[in-house]
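Below you'll find the structure, written out as structure tokens, and then a few comments.
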Amino acid sequence: MELYGRDTELGRISRFLESVRRGGDVRLVRGEPGIGKSALLAAAADLATEAAMRVLRASGSEFEADISYSFLNQLLLPLHSDVQRLPPGLRDALTVALGFGPGPPPAALLVCNAALSLLVTAAKAAPVLLMVDDVQWIDRPSAVVLGFIARRVAGSPVGVVVSSRSGTESFLDRRGLTEVVVQPLSAEASAQLVQARFPSLPPRTRQQVLDLAQGNPLALVELPATLTGSTAHGSIMHGSIMHCPAAHPPERSGLVPLSERLQTLFAARIAELPDATRRLLLLATFEGSGDVRVLRGMTDLTDLAPAERVQLLRVDDVSARITFRHPLIQSAIVAMSTHEERRTAHLAIADALPGDQERRAWHLAAATAGPDETVAALLDEAAHRVMMRGDALGAVAALVRAAELSASTAHRARRLAQAAYLGAEAGGAGDTTTLLADARTTSLDAAGSLHAANAAALLMLNGDGDVHTAHRLLAGAIETGDHGWRADDQALDEAMHTLVLLSWYAGTPEHWAVFHRAMARLVPGPSDILSVMSRTFPDPVRTGAAARPDLDALLATLTDEDDLTRVMRIGTASVYLDRLADNRESSWRLVHQGRDGGAPRRQLGALMHLCLDDYLTGRWDEAEELAHEGQRVAASSGLPFFGWYFLYHRAIIAAGRGRADEAYKLADEITHWALPRGVAGAAAIAHHPRTLAAAADGNFESAYLHATAMSPAGVLAPYVPICTWVMFDLVEAALRTGRTAEARAHADAMRVADVAALSPRMALIQRGVDALVLDGDEAGARLEEMLRDPAAERWLFEASRIRLAFAEKLRRQRAFSAARSHLLNARTGFAAMGAEPWLTRTVQELRATGYRPVVGDAPVPLTAQELEIAGLAASGMSNKQIAERLFLSHRTVGTHLYRIFPKLGISSRAGLRDALSRISRTP
């Protein structure tokens, strides 16, 4: 096969294979759909075969991702006979895990060691190369084994090449592994490919193809058919360029994403196929393995010919497997099918798998819409077999689905309870797990069952469980419990609070709908905190303002509140209405209690709230310090799930201070952790530091794309409350990139939603946005009025950014004096926070207005106490030492320094000595 634009890359592949032969090597290959990953992997497989290496190749299947070790079975099946030559312990573990035989459930580490030993043994005869396509769709246990192998191939002639689509994550922990990104073809290589495939293409059409394809090889060979009406396909294969990661320009707003354009193209081609062929393609997609022998047992494969002729797939006669040309084809096949066609396909696959009870049960479940005790029982049995293989989380998923299909409340409750116990075992260790295990031998009442499900859901989160399963588990226990929906039921109230968090983590209207249905059934109604939180936390844009009086009433109880769990939850209810300042003293109570050995979960909640308030109010040094503390507490207390919050806090401060690489790295760490676990809320929030880092670098195109990834321009997405924190970023980036219509649409959406009614900070942002997008002087005057209120300076970062952006507009209008006033205030604010990129931009703007600082200008005078604190800090004393000297709290000292720095025009303690020296010389 001929690849275009790949000479250098084939050389790199050859060097990689030589590295494998010398002692093992690994590559993770990522790229956009159609960019040529599969072509490069195929070239690597061919070169490896020519070099007498043994190639084991397998692909992840989206429709079998719930079947434990299904991918590992596919990958290692050619070594089935070699398994028997392993030492007995390793042999038995791998035999059970892969479903080759019965036995006690093996530990995951034993399966990992067995698989590695199998490969190392096989490599003694000939070097082994593992080729993994679509790693984003492999099942969790297989991903764990694959990651284990990838980190331990050094010293043995075993190579691993893993590919995945950009923008997707998997259960494979890729940290520390060498990663390459497949880039678009060069302009020259693109032109050569199009010329070779379509030599008679008119020049104008050829240029249109090149412009639309943007170097994407699949698009280069598929788009001509849509532009000319031709359906002919040549025989020359396409290639790509592979090298280390590098950024390339993202698509401009208004263009249809290339992946959607290609999927639409494939859909049109599929629509022209006979119905029998389309149904067969659907069967092959759902079946997953592409095994011709299995498919032949379901239907007549002569119906496959039309799809082969138009090159939607190919049949490998040697391996007897069907391979689709691209995963987008399978996506199009499923999208075009009807509900009844999908149901029929799943039933046909189930009938063809009488000996594979687990896969059969899942396909029957996919074909079942309502209660069906027969299918539920099959899933129940499958869960037992999965558990015997050591995959507790896979067993939980099967039991939860079995509970959903149960024909009676008793069966559903039993299966949910069993899932809760297994979830607890999978999610963590310690007293809670032991108590849940002990409860297995007792007859639980309604409260006990709810507590068990609640604890299991939390333990699953803190293990490797996914949010969707935990949500379904807890929601099912709430809905089936014999608790009478009494609002004063403590177990039910606790479970509902956990369901709030699970719904927020999952981040979809469907998950929140389950919560709201449960809220509506509470008698006589939800508790005060739950009632307020249900309106201020999930979707504050639509329901938050009306809850302000009730939140005020809750905040008024904080001084005398002894229930520290209530204190933490009131803080959570305050976040998106910007009332965290009212919680600061109470939050510090929780932090101190945690430091003294109290409940770490409450301590973590309080640290989160303090970090958020510190970010908004400019206490960035404290925010970073508390974020590091939060990470340590989460790790040491067995609550790793909550660690991502503190990665976020560190990332936004790093972004604000211009440490872009650190911000992106932390955000990527959040995304890598969140997406495989279904934590869409965290994945969305990870775009916030990316937005901020891009804006700080002046890359407003990227800032706009990251902001709109959370919520599109002109929309405040429901159940994505973080979108209110990037409204100003989105509008500013839109204006900076020439998207005036989008900026105005977003400002309009903010006014329609009346976000200003949520809090004074939201009102400040609304006026700042209006001043930027609206014509005339009225909007600017309203902003000026608000900025004159000293309360606006509480939101130091936003107030400073709004002043800077508004001043830039004033300077362009030649209103230099007014611009200078705002810029001087912004300079003070940015200096106090150490927001270097914004400070640099502000100083540049000041110069553009004609401002020249006067040497020897006297700083803003300090009070006597501020002067004393500044002197002690300049001498090198810590906040704690100063507090002890002056009989103050260390927080009071920190607050004074927070006020002192901008007065002196400095951003840290390092500048105190020189600043105080200037004061002493001032007459």
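The values are calculated or read from the model by the stated rules, or taken from the named source; none is laboratory data. These numbers were taken from a predicted model, which means no experiment stands behind them. Positions of Cβ are generated from backbone atoms using ideal geometry, with glycine treated the same way; all protein chains shown enter the neighbour counts. Side chains included, ligands, DNA and RNA excluded: accessible areas come from the protein's heavy atoms. Shrake-Rupley method; radii C 1.70, N 1.55, O 1.52, S 1.80 Å.
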> Residues of region 771-786 being touching a helix residue (DSSP H, G or I) at 6+ places or on another chain (Cβ under 7 Å) and either under 21 Å from Gly829 (Cβ atoms) or open to solvent by 40 Å² or more (accessible area, probe 1.4 Å) (or both), which ones?
Replying inline: Ala771, Leu772, Gly780, Arg782, Leu783, Met786
>> I want to confirm something. Restricting to region 264-295 and keeping residues that are among the polar types (S, T, N, Q) and under 33 Å from the mean Cα position of the chain (by Cα), which single residue is surrounded by the fewest Cβ atoms within 10 Å (Cβ to Cβ)?
In response: Thr264
>> Can you report the number of residues in region 574-604 which are in a helix (DSSP H, G or I) and either within 27 Å of Ala763 (Cβ to Cβ) or open to solvent by 50 Å² or more (accessible area, probe 1.4 Å) (or both)?
In response: 18
>> Which pairs turn up if I take residues in region 183-194 that are closer than 25 Å to Leu28 by Cβ and touching a residue at least 12 places away in the same chain (Cβ under 8 Å) and look for partners that are assigned to a helix (DSSP H, G or I) and open to solvent by less than 30 Å² (accessible area, probe 1.4 Å) with beta carbon separation below 8 Å, at least 6 apart in sequence or on another chain?
In response: Pro184/Ser190; Leu185/Leu193; Leu185/Pro217; Leu185/Leu220
>> Of the conditions (1) open to solvent by 80 Å² or more (accessible area, probe 1.4 Å); (2) of a type in the set (S, T, N, Q); (3) modelled with pLDDT of 80 or more, Ser878 satisfies every one except a single condition; which number is it?
In response: (1)
>> Being among the charged types (D, E, K, R), open to solvent by 70 Å² or more (accessible area, probe 1.4 Å) and at pLDDT 95 or above is the filter here; which residues of region 512-549 pass it?
In response: Arg542, Arg548
> Which residues, taken from region 307-339, are over 23 Å from Ile35 (Cα atoms) and in a loop (DSSP other than H, G, I, E, B)?
Replying inline: Asp317, Val318, Ser319, Ala320, Ser337, Thr338
>> Condition check: surrounded by fewer than 20 Cβ atoms within 10 Å (Cβ to Cβ), more than 19 Å from Gly544 (Cα to Cα) and within 20 Å of the chain's Cα centre (by Cα). Does Leu675 satisfy that?
In response: yes
>> Given (1) assigned to a helix (DSSP H, G or I); (2) at pLDDT below 95; (3) under 22 Å from Leu558 (Cβ atoms), identify the lone condition not met by Glu625.
In response: (3)
> Do we find that Arg293 is in a helix (DSSP H, G or I), without any contact (Cβ under 8 Å) to a residue 40 or more places away in the chain and within 24 Å of Leu379 (Cα to Cα) in this structure?
Replying inline: no
> Of the residues that make up region 309-319, is at least one surrounded by 14 or more Cβ atoms within 10 Å (Cβ to Cβ), out of contact with any Leu (no Cβ under 9 Å at 6 or more places or on another chain), under 24 Å from Ala65 (Cα atoms) and of a type in the set (Gly, Ala, Ser)?
Replying inline: no
> Is it true that Ser200 is part of a helix (DSSP H, G or I), over 24 Å from the mean Cα position of the chain (by Cα), modelled with pLDDT of 85 or more and not aliphatic (A, V, I, L, M)?
Replying inline: no
> Within the bounds of region 81-96, is there any residue that is in contact with a strand residue (DSSP E or B) (Cβ under 7 Å, 6 or more places away or on another chain) and surrounded by fewer than 21 Cβ atoms within 10 Å (Cβ to Cβ)?
Replying inline: no
>> I'd like the residue in region 136-169 that is assigned to a loop (DSSP other than H, G, I, E, B) and open to solvent by 40 Å² or more (accessible area, probe 1.4 Å) and, out of all such residues, is farthest from Gly99 (Cα to Cα).
In response: Gly167
>> Tally up the residues in region 686-719 that are among the charged types (D, E, K, R) and not in a loop (DSSP other than H, G, I, E, B), please.
In response: 2
